[in-house]
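Peer 1: Structure provided below as structure tokens; questions to follow.
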Amino acid sequence: MRKSKIINIVFASILAILFLIPLVWMVSTSFKSDFEAIGGGTFFPQEFTFQNYISTLTSTSVPILRWLFNSLFVGFAGVAIVVVIDSMAAYALARLDVPFKKVLFPLFVSTLMIPWVITFLPLYQQFSNLGLLNTYAPLILPYSANAFGVFLLYQFFRSFPKELEEAARMDGANKWQIFMKVVIPSARPLIATLAIFTFMAIYNDFLWPLVTTSTPEMRTVTTGIAIMQQGSFVSSYGQLMALTTLATIPILIVFLIGQKWFIRGITQSGIK
Amino acid sequence: MKSKASGFTSFLFVLPYLIMFTLFLVFPLIYGIYISFHDWNLISPIHPFVGLENYSAIFISGTPENRVFLNGLKNTAQFVIYSVPLLVIVGLGLAMLVNSLPEKIRGFFRTAYFLPYAISVSVIAVLWLWMLDSNSGLMNQFLNSLGMDSIPWLTRLPFAWISLVIATVWWTIGFNMIIFINALNEVPEDLYEAAEIDGASKWHKFLHITLPTIRPIMIFVIITSTIASFNVYGQPYLMTRGGPGESTEVLLMGIVQQAFQLRQMGSAAAMAMLMALIMIVISVGQFLVTRSGERKEKNNA
């Protein structure tokens, strides 16, 4: 029994090293000199240098700071919209006397089954017709139509105790006040779940921002790096790794902080 | 109590989402069908109605559309077949491994296996392109140090597929693992205890208690992994660029090319419709097959 436990730990550790090697190698190479980065042979930098970061951050052909700003901006804007509209809709559908709610909720949820590829091209054409390609609009707005958040919060609001709402109503609060002061605070963990799901989806999305943006200053981190990698704008591995490290830091921070809520969202979506 | 005014103010809560839903989901859905019935050149202002021609072109053998679609579908199907079993089985294996560890260190390993999931596909591609580089890549350096020959990881079959599948499993396996960890924790402990009293082996317990209990989650993971693999784009686009030749050019790459390089939005939209239809049929099929298996098992019991 004990022996098998130890074998498991050893095996799990080897796997963990294999899983983390690419990331550790990325960070360690970003601190290597060009010569050392290309030559290989060393895993950790012999000569520790910030040069790769300095040249990456000052490069004009690779505006990484602008890309980071774009990704963070559209990520946070998307999260703000999704959280507000989804929690309002989910609460009303679960608890208020919304006309046609017996039709609306199944309608919303059924769209979760629609493969995203169907709306991809017409959405592009739609933004093109409106002259909004290569702006922030397509990078933010389409994500707000996803019914995942409505579905997630609906289930929570269904089981929300009536007494709390009623107590507030007795105090003379109207629907909006009840929603803001009683309902929303109680739903905080789920809203955090929805926020981190949405942020990661937007920050890491690839094909959609790739086709809807066309100039370097409108690229997101994900698409900027892809374009740059394909066009071989960056010749040195050290710089490339500095760039990917910079691109990964924000999402890794969000992920590590929000992991708990993220995991909760995954398990919730699995229960159907 | 219920009044029209109250219904109206309640409706206002739903309205913002309903607007977004209509503008960015319902409308493009209808618009997509409309576009697929037209000869829709991306840069031409005139789009003549062509009925089902965009669809029939895909089915008539020998047309360029037919070639692009079939080649893409064949390659996407290969990726699905190679990746989904691994994503499911390795995901479950990792979950069981994490659960077998002492509670104190579980969190660390769970995070370690889940971490790559947070990273974007273009960073994944840069990292793996570099590790799989035929000359200076870590993989070939490692093989050489063992006295083995270098492998052309990205430019030859079957290695191109192997590389894409390895990178994908490394990147996304954590997601399935998390779902399985949760499912395993939901299995009632007394079922195992009862089996232990009967002297059941580990394998026996896994086969007759664990698997049947997590079956619904298993179905969910199989279906979502299949959908995700069907949507594959970034990995082959960035890592193999569809090569060698066109052998890893997946369906979504074909559709994007049709729309943006050839500017044939109409036929690209028709291809997207067919792709979605195939995905829905496969999902429903998987659901029904696994369901009927469940019923059979119950009848036998």
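The values are calculated or read from the model by the stated rules, or taken from the named source; none is laboratory data. All of these numbers come straight from a predicted model, not from anything done at the bench. Every residue, glycine as well, gets a Cβ built from its backbone with ideal geometry; the counts of neighbours run over all protein chains shown.
Peer 1: Check region B:166-183 and report whether any residue there is out of contact with any helix residue (DSSP H, G or I) (no Cβ under 9 Å at 6 or more places or on another chain), assigned to a helix (DSSP H, G or I), surrounded by 13 or more Cβ atoms within 10 Å (Cβ to Cβ) and hydrophobic (A, V, I, L, M, F, W, C). Give the steps one after another, and end with the answer.
Peer 2: Pass one, region B:166-183, residues out of contact with any helix residue (DSSP H, G or I) (no Cβ under 9 Å at 6 or more places or on another chain): none.
No, every residue in region B:166-183 fails to be out of contact with any helix residue (DSSP H, G or I) (no Cβ under 9 Å at 6 or more places or on another chain), assigned to a helix (DSSP H, G or I), surrounded by 13 or more Cβ atoms within 10 Å (Cβ to Cβ) and hydrophobic (A, V, I, L, M, F, W, C).
Peer 1: Can you pull out every residue in region A:96-136 that is facing chain B (nearest Cβ under 9 Å), farther than 30 Å from A:VAL221 by Cα and either assigned to a helix (DSSP H, G or I) or hydrophobic (A, V, I, L, M, F, W, C) (or both)?
Peer 2: Matches in region A:96-136: A:LEU96, A:VAL98, A:PHE100, A:LYS101, A:LEU104, A:LEU107, A:PHE108.
Peer 1: I'm checking my understanding of the structure. Among residues of region A:171-186 that are within 14 Å of chain B (Cβ to nearest Cβ) and of a type in the set (A, V, I, L, M), which one is farthest from A:ALA90 (Cα to Cα)?
Peer 2: A:ALA173
Peer 1: For region A:244-261, which positions are more than 8 Å from chain B (Cβ to nearest Cβ), under 12 Å from A:MET26 (Cβ atoms), out of contact with any Phe, Trp or Tyr (no Cβ under 8 Å at 6 or more places or on another chain) and aliphatic (A, V, I, L, M)?
Peer 2: The answer is A:ILE249, and nothing else.
Peer 1: Check B:THR155 against each of (1) part of a helix (DSSP H, G or I); (2) more than 10 Å from chain A (Cβ to nearest Cβ); (3) at pLDDT below 95 and name the one condition it does not meet.
Peer 2: Every condition holds for B:THR155 apart from (1).
Peer 1: Please verify whether B:ILE43 is within 12 Å of another protein chain (Cβ to nearest Cβ), within 30 Å of B:GLU246 (Cα to Cα), part of a loop (DSSP other than H, G, I, E, B) and of a type in the set (Val, Ile, Thr), treating the condition exactly as stated.
Peer 2: Numbers: within 12 Å of another protein chain (Cβ to nearest Cβ): yes; within 30 Å of B:GLU246 (Cα to Cα): yes; part of a loop (DSSP other than H, G, I, E, B): yes; of a type in the set (Val, Ile, Thr): yes.
Judged against the criteria, B:ILE43 is a match.
Peer 1: Please tell me if A:TYR143 is in contact (Cβ under 8 Å) with a residue 60 or more places away in the chain, buried (at least 19 other Cβ atoms within 10 Å of the Cβ), aromatic (Phe, Trp, Tyr) and within 24 Å of A:ALA247 (Cβ to Cβ). Step through it out loud before you land on a result.
Peer 2: Values: in contact (Cβ under 8 Å) with a residue 60 or more places away in the chain: yes; buried (at least 19 other Cβ atoms within 10 Å of the Cβ): yes; aromatic (Phe, Trp, Tyr): yes; within 24 Å of A:ALA247 (Cβ to Cβ): yes.
So A:TYR143 fits the description; yes.
Peer 1: I've got another one for you. Which count do you get for residues in region A:70-126 that are of a type outside the set (A, V, I, L, M, F, W, C), within 30 Å of B:THR226 (Cβ to Cβ) and either modelled with pLDDT of 95 or more or buried (at least 22 other Cβ atoms within 10 Å of the Cβ) (or both)? Outline the logic, then answer.
Peer 2: So in region A:70-126, the residues of a type outside the set (A, V, I, L, M, F, W, C) come out as A:70-71, A:75, A:78, A:86-87, A:91, A:95, A:97, A:99, A:101-102, A:106, A:110-111, A:115, A:119, A:122, A:124-126.
Okay, now just the ones that are also within 30 Å of B:THR226 (Cβ to Cβ), so A:71, A:75, A:78, A:86, A:106, A:110-111, A:115, A:119, A:122, A:124-126.
Still in the list and also either modelled with pLDDT of 95 or more or buried (at least 22 other Cβ atoms within 10 Å of the Cβ) (or both): A:71, A:75, A:78, A:86, A:119, A:122, A:124-126.
So the count comes out to 9.
Peer 1: Are there any pairs with C-beta distances below 7 angstrom linking a residue in region B:29-58 that is closer than 16 Å to B:LEU262 by Cα to a residue that is hydroxyl-bearing (Ser, Thr, Tyr) and surrounded by 14 or more Cβ atoms within 10 Å (Cβ to Cβ), with the two at least 6 apart or on different chains, and if so which?
Peer 2: Pairs found: B:ASN54/B:SER36; B:ASN54/B:SER267; B:ALA57/B:THR63; B:ALA57/B:SER267.
Peer 1: Got a sec? Which of B:ILE223, B:ILE217 is surrounded by 21 or more Cβ atoms within 10 Å (Cβ to Cβ), on the phi < 0 side of the Ramachandran plot and modelled with pLDDT under 95?
Peer 2: On the way: B:ILE223 fails: surrounded by 21 or more Cβ atoms within 10 Å (Cβ to Cβ).
Of B:ILE223, B:ILE217, the one residue that is surrounded by 21 or more Cβ atoms within 10 Å (Cβ to Cβ), on the phi < 0 side of the Ramachandran plot and modelled with pLDDT under 95 is B:ILE217.
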